[in-house]
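A short write-up of the structure that comes next.
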Amino acid sequence: MSSLLSYLPPVRGRIQENVPLDEWTSLHVGGCAEVLFMPEDSDDLIHFLRRRPRAVPVTVLGAGTNVLIRDGGIPGIVIHLGNGFRRIFKEGNTFEVGASVIATTFAEQAAYEGVSGFEFLSTLPGTMGGGICANAGCFGRSFKDILLEVEAVDFCGRIHWVPAKKLGFTYRASTIPKDWILVRAWICGQILPSPLILKTMEEYHATRAATQPTQTRTAGSLFKNPEGKTAWELIDAVGLRGTHLGGAEISEKHANFLINTGHATASDLETLGEKAREKVLKETGVSLSWEIVRLGVPFPEETAWEERIQAKKGVSS
Ligand SMILES: Cc1cc2nc3c(=O)[nH]c(=O)nc-3n(C[C@H](O)[C@H](O)[C@H](O)COP(=O)(O)OP(=O)(O)OC[C@H]3O[C@@H](n4cnc5c(N)ncnc54)[C@H](O)[C@@H]3O)c2cc1C
């Protein structure tokens, strides 16, 4: 059987097969990407997407700080935007930011350039692209408060420019289609002296360090807070703080953080998360929903790409 790579178009960026993804995520678990593609730039990405066989699924991976990749890895193509999507341009109090810029890096640069409004980003470890998709936020602010517009490329290689007000932002969610890859964003702040901005950032860091296990293998909040309640209080109320399963742990420090103590499998982490969800539902009647995005399959799969690709061609012709 030919490998998936042999069915894919030539690219200028890096493309590799069977890439272990555990080191690409903050939970440090998960199997391989069947194919991992890091486009050189937007043109490379668009060219690849327009020519890829439609039968092959595509998954986007940012900095991997909000995902749980299952032990069997991710079948098909995983796209990770690298250096070609890391540029920052400033004009007055507005920035054009590449989707793979790390939010903390952007917040620090904006602070030194005297633009405020992004202090909360200084404690978010993911990329701008990943954060916008989830409307990530903290300290009372989220991406919806600072975003003007995004540029995205869909999985068929079409480009979209969309103003922020059309992205359907709500708490930790947006209506950005699942088959879009954000490549750039335009963001707006307010001019303020750098020392004031840096002082707020320091306070945010101190608050985080005191209340959350940020220096561990985690992916941030396990569940979204349900309307009018907090997930950590519900998990605490059913006695699960500090619970272990294999190498997975519900943090002692913050009950809504799932931790890999060092030797967890993705299955340990997902099973413990699901057990917590079930217990909270049974004992409190509240149905929690995962904030961490689960990707991939529990066991490695071998796909007959030749047949799948031919079948899809048959359907569309
Ligand atoms: C210690 C810690 C603390 C955290 N605290 C918070 C917090 O306070 N608030 C909060 O909201 N989050 C928090 N998080 C979660 C996480 O940092 C954010 O959600 C972050 O914005 C995710 O970005 P990422 O690049 O890591 O995305 P990933 O984890 O790589 O991906 C997350 C999702 O976004 C999609 N995605 C990624 N990049 C793109 C793109 N360019 N285009 C389209 N889709 C894309 C992926 O397909 C996936 O579905 C925390 C995480 C950690 C580890």
(Q) Looking only at the stretch 111-126, filter to residues that are in contact with a Lys or Arg (Cβ under 9 Å, 6 or more places away or on another chain) and open to solvent by 10 Å² or more (accessible area, probe 1.4 Å); which one of those is nearest to the ligand (Cβ to nearest atom)? (A) 123
Q. Could you say whether any residue in the stretch 151-172 is over 23 Å from residue 199 (Cα atoms) and under 14 Å from the mean Cα position of the chain (by Cα)?
A. yes
Q: Output the residues belonging to the stretch 269-291 that are part of a helix (DSSP H, G or I) and open to solvent by 30 Å² or more (accessible area, probe 1.4 Å).
A: 270, 271, 274, 275, 277, 278, 279, 281, 282, 283, 284
(Q) Can you list residue pairs whose Cβ atoms sit under 7 Å apart, with the first residue in the stretch 70-92 being without any contact (Cβ under 8 Å) to a residue 24 or more places away in the chain and the second being open to solvent by 10 Å² or more (accessible area, probe 1.4 Å)? Count only pairs 6 or more apart in sequence or on different chains. (A) 88/109; 89/96
Q. Which residue pairs have Cβ atoms closer than 6 Å, lie 6 or more positions apart in sequence or on different chains, and pair a first residue in the stretch 277-299 that is of a type in the set (Gly, Ala, Ser) with a second residue that is open to solvent by 60 Å² or more (accessible area, probe 1.4 Å) and in a helix (DSSP H, G or I)?
A. 287/281
Q: Select from the stretch 144-169 the residues that are part of a helix (DSSP H, G or I) and within 14 Å of the ligand (Cβ to nearest atom) and write down the one among them that is least open to solvent (accessible area, probe 1.4 Å).
A: 145
Q) List the pairs whose first member sits in the stretch 128-144 and is without any contact (Cβ under 8 Å) to a residue 40 or more places away in the chain and at positive phi, whose second member is in a helix (DSSP H, G or I) and more than 7 Å from the ligand (Cβ to nearest atom), and whose Cβ atoms are under 6 Å apart, counting only residues at least 6 apart or on separate chains? A) 135/143; 135/144
Q: Test residue 241 against the stated conditions and say whether it is within 11 Å of the ligand (Cβ to nearest atom), out of contact with any Gly (no Cβ under 7 Å at 6 or more places or on another chain) and among the basic types (Lys, Arg).
A: no
Q) Restricting the search to the stretch 240-258, which residues are open to solvent by less than 10 Å² (accessible area, probe 1.4 Å) and among the aliphatic types (A, V, I, L, M)? A) 248, 250, 255, 258
Q: Test each condition in (1) small (Gly, Ala, Ser); (2) touching a residue at least 24 places away in the same chain (Cβ under 8 Å); (3) not assigned by TED's automatic domain parsing to the domain that holds residue 66 for residue 304 and report the one that comes out false.
A: (3)
Q. If you go through the stretch 259-276 one residue at a time, do you hit one that is acidic (Asp, Glu), farther than 28 Å from residue 72 by Cα and free of Cβ contacts under 8 Å to residues at least 60 places away in the same chain?
A. no
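The values are calculated or read from the model by the stated rules, or taken from the named source; none is laboratory data. Quantities reported herein were computed from a predicted structural model and do not represent experimental measurements. A quick note on method: Cβ atoms are made from the backbone with ideal geometry, for glycine too, and the neighbour counts reach across all protein chains shown. To get the accessible areas, we keep the full protein, side chains included, count just its heavy atoms, and leave off ligands, DNA and RNA. Shrake-Rupley method; radii C 1.70, N 1.55, O 1.52, S 1.80 Å.
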